[in-house]
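The values are calculated or read from the model by the stated rules, or taken from the named source; none is laboratory data. None of these values were measured; they are calculated from a predicted model. Glycine gets a Cβ as well: all are built from the backbone with ideal geometry, and neighbour counts include every protein chain shown.
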Protein chains: 6
Amino acid sequence: MSDDPETDDDRTSGDRTGDPPMTNFPVPDIEDLPEDLRERIEEETERAGFTPNVFRAFGYKPSHFRPFFQYHDALVEDTPLDREEVEMIVVTVSGVNDCLYCVVAHGALCRFYSERPKLADQLATNHRAADLSERRRAMLDFAVKLTEKPGRVTDDDLAALRDAGLSDEEIWDVGSVTAFFNLSNRMASMADMRPNDEFYDFAREME
Amino acid sequence: MSDDPETDDDRTSGDRTGDPPMTNFPVPDIEDLPEDLRERIEEETERAGFTPNVFRAFGYKPSHFRPFFQYHDALVEDTPLDREEVEMIVVTVSGVNDCLYCVVAHGALCRFYSERPKLADQLATNHRAADLSERRRAMLDFAVKLTEKPGRVTDDDLAALRDAGLSDEEIWDVGSVTAFFNLSNRMASMADMRPNDEFYDFAREME
Amino acid sequence: MSDDPETDDDRTSGDRTGDPPMTNFPVPDIEDLPEDLRERIEEETERAGFTPNVFRAFGYKPSHFRPFFQYHDALVEDTPLDREEVEMIVVTVSGVNDCLYCVVAHGALCRFYSERPKLADQLATNHRAADLSERRRAMLDFAVKLTEKPGRVTDDDLAALRDAGLSDEEIWDVGSVTAFFNLSNRMASMADMRPNDEFYDFAREME
Amino acid sequence: MSDDPETDDDRTSGDRTGDPPMTNFPVPDIEDLPEDLRERIEEETERAGFTPNVFRAFGYKPSHFRPFFQYHDALVEDTPLDREEVEMIVVTVSGVNDCLYCVVAHGALCRFYSERPKLADQLATNHRAADLSERRRAMLDFAVKLTEKPGRVTDDDLAALRDAGLSDEEIWDVGSVTAFFNLSNRMASMADMRPNDEFYDFAREME
Amino acid sequence: MSDDPETDDDRTSGDRTGDPPMTNFPVPDIEDLPEDLRERIEEETERAGFTPNVFRAFGYKPSHFRPFFQYHDALVEDTPLDREEVEMIVVTVSGVNDCLYCVVAHGALCRFYSERPKLADQLATNHRAADLSERRRAMLDFAVKLTEKPGRVTDDDLAALRDAGLSDEEIWDVGSVTAFFNLSNRMASMADMRPNDEFYDFAREME
Amino acid sequence: MSDDPETDDDRTSGDRTGDPPMTNFPVPDIEDLPEDLRERIEEETERAGFTPNVFRAFGYKPSHFRPFFQYHDALVEDTPLDREEVEMIVVTVSGVNDCLYCVVAHGALCRFYSERPKLADQLATNHRAADLSERRRAMLDFAVKLTEKPGRVTDDDLAALRDAGLSDEEIWDVGSVTAFFNLSNRMASMADMRPNDEFYDFAREME
């Protein structure tokens, strides 16, 4: 046990009481939000069993909330990619960008959809250390390059995805998920969004 | 004059006939797009006098077109930032990300809204070499850091913006414009979107 | 569900059956190891309830096994630093170096010794996003700089640690833990060491 | 229109009255320069229709002025490379080094000699996004590598240029133009040299 | 001759009187060290003709001294690699990490064991500029990658070493020497260890 | 002793017979060079006791030879900086750029002019590890920044030099030496220029 007087303060953030949705901007009460936002939030809360903090945080600016979640929903619903694959890209990109909120929240979703409880930790740390099919390794290599060096992506990189069997629309969608989370990671880092406690240990049980 | 046999091919891209909207994905005809996309495109075409290629390119996937432009419109319409300031951030961020489409297209808008014909070239090359008020220098320094090292942004960086006089909402919006164009730059680079010829020399005349 | 034929292979690595200790070098049987190695391994196995894979992997070369674990033991036993602090440094450094084995294995130890179930994920992703005392923030900032840019560390950096209240020996030890895991991360990455399944969800329960 | 009190100051730099040649060192009057410098400057002024600011700036130190321009003149006059190709290298290198003076001044020359009004903006932003012959793409790839990572250039890189059809002397000259502008970019950035207004919109008209 | 009043101070460090073993931590007298450390130091002093400063420096913490030198001794004694090759790796890695102590001290050993008086300066500056067999070039390329980007090392990199003729144990040892000096470089930089004067010009004579 | 068949080849380059001036371009005989080049070379040969290889190498293109050495001579002759200081900058910059020729050749000059036999190795490895006056530390910090990140140099960096006591002309010259060797390093790396054997151990004797 530490005798450091500041340790106690440190420890409180481990409580179940949880972190605030974000610390760098004020967070409006849900009941003060416009009707359509409240509906979208309620829907999510019902599905997840709690309100993911990114919804609370984006309530700060409703005109941004709407297209942010509409874009997100299109990325996971209108795509030939597996949901599992989408979440794998999100976790990998968010790991490259050192984004706590997205690594933890989408790590939970990645575990859930992949039914592979170790996968999110592997991808968030280093996708090269995960056991992946050739197709998925190619997807994640591309997502990392587009994240780190967007101006160096050329048609050679797209050709590598085609060689790995991806269709045009799949390539567009891999790029779009990557691009969207390059937005999302920056919003979360700027606002200091905090993952809900529930995400940390969600879907970790192994068979 | 070069005796390189490929030179002639090089030169054709300088013609007024113009570049295609993007080269890495097929571009649908406008008349084949859903009604709401066609309306948004017509509106933009009327305003600009031509159809910016990003609209043609995003026609590839209507479910992405909608939130992309809705988000964009919110960033320029629902904000205490000057439109001039928004475009200054866009050009600076796009220069860091080496994104041809956004540097050239938003360079035109930056010249137009700022009425400073040299400003876009300065910001696209190096915002540190432009003459800027303290407020704007702080905004662009922040945009560059959030672009290059999103995980290193801390509340100290936000404090610097507050010291330069920015309100909470202005800071959120500076960050949001930066984040959105980190998405946009990656989409344009991945798809190899090409700026319309009209953007290159728009609003360059000096008094 | 993916129709990718390689998906099934992907999934097997999520089984409790577990990963091999490392994939890039052969792993000797414990019973074939020298007596002193077998004793050290048995002791660890008893303490942990399983044999951490790094012990199996270093069995490949007994003359390296001995000083590696002797050094490790000195770092955690002969130091004025809390064990919690040592593991915080390890997880932070291993996150910077993208080392899967060390992030996962020491993430478990970090959760255990800190009794803060969220701390390891925070540090592995981005220590700047964790709630830390000034002392610990200074320790981790130093560990990151010594990891990323060892040649840029100067006495100014040590002065910052002294300002945060660290003694000479504490500074030596922060640097030593950092330096040792810069060795360890490289051995684990080169050998492709795999964390035992047990580490992934160890000590995650919140109160 | 901004209500920012500093905006007016910002705007003055857009005036035709123009920027000073450099801001970090005093600029001597042309009439106070040695005879040979005055002659070289007059010659350039006649050719261009105005005095490019780099001539005024290097007047600060005549013993540097002389070899700087002698070297420059050799690079564009005593070479099997097209002048167009020389300026393409200059603009690309200067873009990598974020050098405002050289991007804008040599952007004008690149447009003029190539008769491709869009080429300079493409190269300054990202030469990978320009339509180039294989020969020129190879030249610019080499120039970028020699600029960014000079110690990593090996004979493999020279072999790639030979494969693209370049002679020994052409390779020496591509390297020399690149090396010289790595000098020039650093002088311009250190001195804060400002491009003359005339360069910004020179040779932009499309046919 | 400079008229800078601080020049004289500068010059004293060029005296044969020599630098202290390290400047950032106190250095205990040899006679105050535990018996086993004194014996190891005496042995080294007899072999070298002087006491290398790293032995004096690690005396600061005997529990670290022991495994540090035991590990070091295993790396040079229990390996199929030539001692010359080991020192080549050390100098190359230490050059990448900008570590003065290790470049100078192991530069001396590299000259001694290789009997190539120019080799150490070549490797410390840029191993790509040295004349090397394919085997050694592959070893050093691997050591540099494992130093600079440990998380990007994959089995492809190990395959390149196998193609260059290295056995499994040789690869393990190349990696181990690299990893150990990534520890050692960081300890030397943190502590500001100073190479003994004797190392600078040791074994420089050409035949 | 290695049993590697390529080792013998390795070793020959350590012979006094010496390296060729450069390996990537043909080196003309001195007697075939224009009169003025031969004179300049003879003068240097007399002064040094041998012909530094950079003179032989630049003989490849006389129109580049002339301004290259004229610029160089102005930098060392027409300056308020000590020659010692000039060579310190050269060695530091060349170390950052990993340039073997310049590190070794100017390392010799740095030892000679500074009369500090250890200084060049310190600066080539890491100027932060050398004992320097405040003035010289500021000069070298500036040279490194201008080398690594030319576009990030601002008037704040020049102010730091003024604070350390440098005059305008001294600042211009520090920047010019830095800029010139950013040219020179790239020429030497591209051409694979080799330092004469004489440079390696020149002026190393300690008092």
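The table below gives the values:
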{"read-out": "Residues being part of a loop (DSSP other than H, G, I, E, B) and either without any contact (Cβ under 8 Å) to a residue 40 or more places away in the chain or surrounded by 23 or more Cβ atoms within 10 Å (Cβ to Cβ) (or both) - total across region D:116-126", "value": "3"}
{"read-out": "D:ALA74 modelled with pLDDT of 95 or more, out of contact with any strand residue (DSSP E or B) (no Cβ under 9 Å at 6 or more places or on another chain) and under 25 Å from B:MET190 (Cβ atoms)", "value": "no"}
{"read-out": "Residue in region B:58-81 that is farther than 18 Å from A:PRO67 by Cα, in contact with a Pro (Cβ under 8 Å, 6 or more places away or on another chain), in a helix (DSSP H, G or I) and not aliphatic (A, V, I, L, M) present", "value": "no"}
{"read-out": "Residue ID - nearest to the other protein chains (Cβ to nearest Cβ), chosen from residues in region F:100-115 that are surrounded by fewer than 23 Cβ atoms within 10 Å (Cβ to Cβ) and not hydrophobic (A, V, I, L, M, F, W, C)", "value": "F:GLU115"}
{"read-out": "A:PHE50 being assigned to a loop (DSSP other than H, G, I, E, B) and either in contact with a strand residue (DSSP E or B) (Cβ under 9 Å, 6 or more places away or on another chain) or facing another protein chain (nearest Cβ under 9 Å) (or both)", "value": "no"}
{"read-out": "Matching option when the condition is touching a residue at least 12 places away in the same chain (Cβ under 8 Å), touching a strand residue (DSSP E or B) at 6+ places or on another chain (Cβ under 8 Å) and hydroxyl-bearing (Ser, Thr, Tyr), among A:TYR101, A:TYR113", "value": "A:TYR101"}
{"read-out": "Qualifying residue in region B:108-115 (condition: touching a Pro at 6+ places or on another chain (Cβ under 8 Å) and among the basic types (Lys, Arg))", "value": "yes"}
{"read-out": "Residues satisfying the stated conditions in region B:91-106, i.e. part of a helix (DSSP H, G or I) and not hydrophobic (A, V, I, L, M, F, W, C)", "value": "B:THR92, B:SER94, B:GLY95, B:TYR101, B:HIS106"}
{"read-out": "Test: residue in region C:127-146 that is within 7 Å of another protein chain (Cβ to nearest Cβ), among the polar types (S, T, N, Q) and more than 27 Å from E:ASP98 (Cα to Cα)", "value": "yes"}
{"read-out": "Selection within region F:57-80 - buried (at least 21 other Cβ atoms within 10 Å of the Cβ) and aliphatic (A, V, I, L, M)", "value": "F:ALA57, F:ALA74, F:LEU75"}
{"read-out": "Region D:52-67: number of residues that are in contact (Cβ under 8 Å) with a residue 40 or more places away in the chain and closer than 27 Å to D:GLU170 by Cα", "value": "1"}
{"read-out": "Test: residue in region F:159-175 that is modelled with pLDDT of 95 or more and within 24 Å of E:PRO117 (Cα to Cα)", "value": "no"}
{"read-out": "Test: B:GLU207 is away from chain A (no Cβ under 11 Å) and at pLDDT below 95", "value": "yes"}
{"read-out": "Test: residue in region A:140-161 that is of a type outside the set (D, E, K, R), closer than 25 Å to D:ARG128 by Cα and touching a His at 6+ places or on another chain (Cβ under 8 Å)", "value": "yes"}
{"read-out": "Tally of residues being surrounded by fewer than 20 Cβ atoms within 10 Å (Cβ to Cβ), in a loop (DSSP other than H, G, I, E, B) and either touching a Pro at 6+ places or on another chain (Cβ under 7 Å) or within 8 Å of chain C (Cβ to nearest Cβ) (or both) across region E:155-200", "value": "1"}
{"read-out": "Pairs, first over 21 Å from B:ARG194 (Cβ atoms) in region B:30-51, second modelled with pLDDT of 95 or more and surrounded by 11 or more Cβ atoms within 10 Å (Cβ to Cβ), C-beta under 7 Å, six or more apart", "value": "B:PRO34/B:PRO62; B:ARG38/B:ILE30"}
{"read-out": "Flag for F:LEU140 being modelled with pLDDT of 95 or more, in a loop (DSSP other than H, G, I, E, B) and touching a helix residue (DSSP H, G or I) at 6+ places or on another chain (Cβ under 7 Å)", "value": "no"}
{"read-out": "Unique residue being over 20 Å from A:GLU87 (Cα atoms), modelled with pLDDT of 95 or more and of a type outside the set (Ser, Thr, Tyr) when the list is A:LYS145, A:LYS149", "value": "A:LYS149"}
{"read-out": "Selection count, region D:3-53, where residues are modelled with pLDDT under 50 and either of a type in the set (Ser, Thr, Tyr) or over 20 Å from D:ALA108 (Cα atoms) (or both)", "value": "11"}
{"read-out": "Residues being in contact with a Lys or Arg (Cβ under 9 Å, 6 or more places away or on another chain), of a type outside the set (S, T, N, Q), touching a residue at least 24 places away in the same chain (Cβ under 8 Å) and at the interface with chain E (Cβ under 10 Å from one of its Cβ atoms) - total across region C:76-98", "value": "1"}
{"read-out": "Test result for C:LEU109, among the aliphatic types (A, V, I, L, M) and part of a loop (DSSP other than H, G, I, E, B)", "value": "no"}
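Conditions (1) under 24 Å from D:ARG186 (Cα atoms); (2) assigned by TED's automatic domain parsing to the domain that holds D:TYR113; (3) not charged (D, E, K, R), marked per residue:
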| site | (1), (2), (3) |
| --- | --- |
| D:ASN24 | yes, no, yes |
| D:VAL27 | yes, no, yes |
| D:ASP36 | no, no, no |
| D:ILE41 | yes, no, yes |
| D:GLU44 | yes, no, no |
| D:PRO52 | yes, no, yes |
| D:PHE55 | yes, no, yes |
| D:ARG66 | yes, no, no |
| D:PHE69 | yes, no, yes |
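Matching residues to (1) among the acidic types (Asp, Glu); (2) free of Cβ contacts under 8 Å to residues at least 40 places away in the same chain; (3) touching an Asp or Glu at 6+ places or on another chain (Cβ under 6 Å):
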{"position": "A:SER133", "(1), (2), (3)": "no, yes, yes"}
{"position": "A:LEU146", "(1), (2), (3)": "no, yes, no"}
{"position": "A:TRP172", "(1), (2), (3)": "no, yes, no"}
{"position": "A:THR178", "(1), (2), (3)": "no, no, no"}
{"position": "A:ASN182", "(1), (2), (3)": "no, no, no"}
{"position": "A:ASN185", "(1), (2), (3)": "no, no, no"}
